[in-house]
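Asks: Starting off with a structure, shown below.
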Amino acid sequence: MAAALAVDPPVAAPVVDDQALIDAALAGRSDAFEEIVVRYERAVYNLAVRTLRDATEAQDATQEAFFKAYRALNTFRPGAKFSTWIFTICYRLCCDRLAKRKRFSNDELPDRADPSAGPAALAERNDEALRLRAAIDDLPEKYRTVVTLYHLQGKQYEEIASVLNLPLGTVKTHLFRAKEQLRKALTP
Amino acid sequence: MTHDDDFADLDRMLAALPLEDAPVGLRARILTATVYRPEPAMKPWEIWLIGTFVALAVWLGWLVATAPYAGERFVDTANRLIEMGGLTSVTTFLWLAVGVSAAWWVSQLTFPSTRRIRIR
């Protein structure tokens, strides 16, 4: 279901699978890697921005994730899912950034870049998507990331567990609690 | 009734939640950092090789310079080598010139690259 959201519709008619694009990129076709960027840029950015809650840092993390993936493209295991791989790289980079933030600040993690757009203000606009986004942003980090990956990848719990390096049961528990909190937050 | 049923509305909302657009210019930034990143002037192994040779040369130079009577011995050895190698004759210089120019021409040759992307 939501997995389809992670991938932009291709502009050209023939749909090439990710593995073929990776092979082509490794063979020297820069346009193949460009196509990979086009497909996953939004999804990776969304994961970063939801995890970090800072648009500028999310851009940096997204760029770094693609850079790392590009450098390590020859280590990508054939048959694996590229989305899982790039999400894993991005999530680890986000964790490093969050850890750095905690190290340099004794305070709680900073909120979104735009504090005026808090849940209350957004609720007034009566926009379901905005309210849902705000509610997701208010979740604790571990729940927020699980929900974001659930949004990006759909009900592929194994993939989510792989990205987060968590047991499958923990992922399901986090997701259940996250949904409970979301439901509470969205109930008028 | 399963958990999925409990959260059916929420799942529908999540499925309908559009992804945020990536900021303008992010794609260009990514591509500049990856496929359009300029090739480094030298590869890491070339830098290591040159560094090793330079270190070796410095070490040898230090050994020679700190040896007793280093100056006199250097001049003596150089003189002997020049005489032995016939470096005073015009024919030797001619062949040296031919060798240097051949090396220069070879260094100017270019070969078509088979890979446009190099994974560094």
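Asks: B:T66: more than 8 Å from every other protein chain (Cβ to nearest Cβ), surrounded by fewer than 11 Cβ atoms within 10 Å (Cβ to Cβ) and among the β-branched types (V, I, T), yes or no?
Replies: It is true that B:T66 is more than 8 Å from every other protein chain (Cβ to nearest Cβ), surrounded by fewer than 11 Cβ atoms within 10 Å (Cβ to Cβ) and among the β-branched types (V, I, T).
Asks: Of the residues A:A27, A:A55, A:A43, which single one is free of Cβ contacts under 8 Å to residues at least 24 places away in the same chain and of a type in the set (A, V, I, L, M)?
Replies: A:A27
Asks: Being free of Cβ contacts under 8 Å to residues at least 12 places away in the same chain, within 14 Å of chain A (Cβ to nearest Cβ) and surrounded by 10 or more Cβ atoms within 10 Å (Cβ to Cβ) is the filter here; which residues of region B:26-42 pass it?
Replies: Once the filter is applied, which keeps residues that are free of Cβ contacts under 8 Å to residues at least 12 places away in the same chain, within 14 Å of chain A (Cβ to nearest Cβ) and surrounded by 10 or more Cβ atoms within 10 Å (Cβ to Cβ), region B:26-42 yields B:L26, B:R27, B:A28, B:R29, B:I30, B:L31, B:T32, B:A33, B:T34, B:Y36, B:R37.
Asks: Please find, among B:L81, B:L10, the residue that is within 14 Å of chain A (Cβ to nearest Cβ) and not charged (D, E, K, R).
Replies: B:L10
Asks: Okay, moving on. In this structure, does B:R12 turn out to be charged (D, E, K, R), out of contact with any Cys (no Cβ under 7 Å at 6 or more places or on another chain), surrounded by 11 or more Cβ atoms within 10 Å (Cβ to Cβ) and over 22 Å from A:A69 (Cα atoms)?
Replies: yes
So that you can scan it fast, the table gives a plain yes or no per residue for (1) touching a helix residue (DSSP H, G or I) at 6+ places or on another chain (Cβ under 7 Å); (2) modelled with pLDDT under 85:
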site: B:A33; (1), (2): yes, no
site: B:R37; (1), (2): no, no
site: B:T52; (1), (2): no, no
site: B:W59; (1), (2): no, no
site: B:W62; (1), (2): no, no
site: B:A65; (1), (2): no, yes
site: B:L81; (1), (2): no, yes
site: B:T91; (1), (2): no, yes
site: B:S113; (1), (2): no, yes
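Asks: Follow-up. Return the residue satisfying two criteria in turn: it lies in region A:139-188 and is out of contact with any Leu (no Cβ under 9 Å at 6 or more places or on another chain), over 25 Å from A:Y40 (Cβ atoms) and modelled with pLDDT under 90, and of such residues it is nearest to the other protein chains (Cβ to nearest Cβ).
Replies: Among those residues, the one meeting the criterion is A:T187.
Asks: Still on this model: For region A:25-63, what are the residues that are more than 18 Å from B:E39 (Cα to Cα), charged (D, E, K, R) and part of a helix (DSSP H, G or I)?
Replies: A:E35, A:R39, A:E41, A:R42, A:R50, A:E57, A:D60
Asks: Can you tell me which of B:T32, B:T52 is assigned to a helix (DSSP H, G or I), among the polar types (S, T, N, Q) and more than 30 Å from A:A32 (Cβ to Cβ)?
Replies: It is B:T52.
Asks: For region A:18-75, name all the residues that are buried (at least 19 other Cβ atoms within 10 Å of the Cβ), within 7 Å of chain B (Cβ to nearest Cβ) and of a type in the set (A, V, I, L, M, F, W, C).
Replies: Result: A:A25, A:F33, A:V37, A:A43, A:V49, A:F66, A:L73.
Asks: A further question follows. Only one of (1) more than 8 Å from every other protein chain (Cβ to nearest Cβ); (2) without any contact (Cβ under 8 Å) to a residue 12 or more places away in the chain is not met by B:L19, so which one is it?
Replies: (1)
The values are calculated or read from the model by the stated rules, or taken from the named source; none is laboratory data. This is a predicted model, so every value here is computed, not measured. Backbone-built Cβ (ideal geometry, glycine too); neighbour counts: all protein chains shown.
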